[in-house]
1. Could you order His59, His152, His86 so the one with the most accessible surface comes first? Probe is 1.4 Å.
2. What are the trypsin sites (Lys or Arg not before Pro) within the stretch 123-153 that DSSP puts in a loop, where the Cβ has at most 16 other Cβ atoms within 10 Å?
3. Which of rounded, prolate or oblate describes the stretch 86-139 when judged by the alpha-carbon gyration tensor and an a/c cut-off of 1.5?
4. Which order do Trp81, Trp37, Trp144 take when ranked by solvent-accessible area (1.4 Å probe, heavy atoms of all protein chains), largest first?
5. From Cα coordinates alone, what are the radius of gyration and Dmax values for the stretch 59-178 in angstrom?
6. With a 1.4 Å probe and every protein chain left in place, tell me how much accessible area Ile175 has, in Å² to the nearest 10.
7. With every protein chain in place, what's the accessible area of Arg119 (1.4 Å probe, Å², nearest 10)?
8. Using 0.36 nm times the number of residues separating Asn156 and Asn101, minus their current alpha carbon distance, what extension gain do you get?
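The values are calculated or read from the model by the stated rules, or taken from the named source; none is laboratory data. Predicted model only: the values in this text are computed from it and were never measured. So basically every Cβ, Gly included, is an ideal-geometry build from the backbone, and we count neighbours across all protein chains shown. When the accessible area is computed, the model is the full protein with side chains, heavy atoms only, and any ligands, DNA or RNA have been set aside. Shrake-Rupley method; radii C 1.70, N 1.55, O 1.52, S 1.80 Å.
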Amino acid sequence: ARALAERGADDPGEVLEVVAPADVQAPPANDYEVEAWLSDLWMAPNGTLFAPGEEGRLHIRTKSRWTLSQSPTEALLTAAWAPDDHTCYVASERAVLRWSNGQWTTMIEGLAQTPDVIRGSADGTRLFVAGRAGSLLQYDGRKWAHEKVPTHVDLNGLCVTDAGVVYAVGDDGVIVRG
């Protein structure tokens with residue numbers, strides 16, 4: 001719904017009329033509210049929501065209930081990607097973690113750059129992490145590899161096609177393909 005307001009010529013701050021469709025309803029109440037920074041939101045294929053945030057906390061919504069899972073780090077969780085309702089890969093400051101049915105595993109730590117985005121292939125066999133200073137990592141199910149990209153700007157968006165091609169976008173309008 002959209003509300004329109006017209007201002008009078010004599011008083012630019014005066015609202016003369018507010019017009020809105022008859023079916024306008026009050027906005028819904030917040031679904032979940034915490035006093036914390038939430039940095040990302042990912043919905044798994046069957047509807048589970050994953051919201052990484054401050055102090056190493058992953059907020060998880062299954063059906064209509066939110067729960068909280070504390071990761072092994074106190075650092076900000078910066079991004080999330082979930083191939084299903086029971087597994088979520090999470091980037092944090094200088095590390096990548098895996099949450100699986102309530103259990104946490106550190107996949108890699110001591111990264112030189114903070115990862116800002118994490119995405120995986122449709123079949124869940126490959127994982128990509130991108131972030132500051134053009135950093136791009138790939139996990140093939142066994143080991144991590146640094147991907148060479150022709151930029152040093154921050155990468156803050158990733159897309160993995162069904163064919164396994166990865167695209168990254170970043171500052172200054174950069175788009176790279178790998």
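1. His152, His86, His59
2. Arg126, Arg142, Lys143, Lys148
3. Verdict is oblate for the stretch 86-139.
4. From most exposed to least exposed: Trp37, Trp144, Trp81.
5. My reading of the Cα-based Rg and Dmax gives 14.1, 44 Å.
6. Roughly 120 Å² of Ile175 is accessible to a 1.4 Å probe.
7. About 50 Å², rounded to the nearest 10.
8. Contour length minus the Cα-Cα distance gives 17.0 nm.
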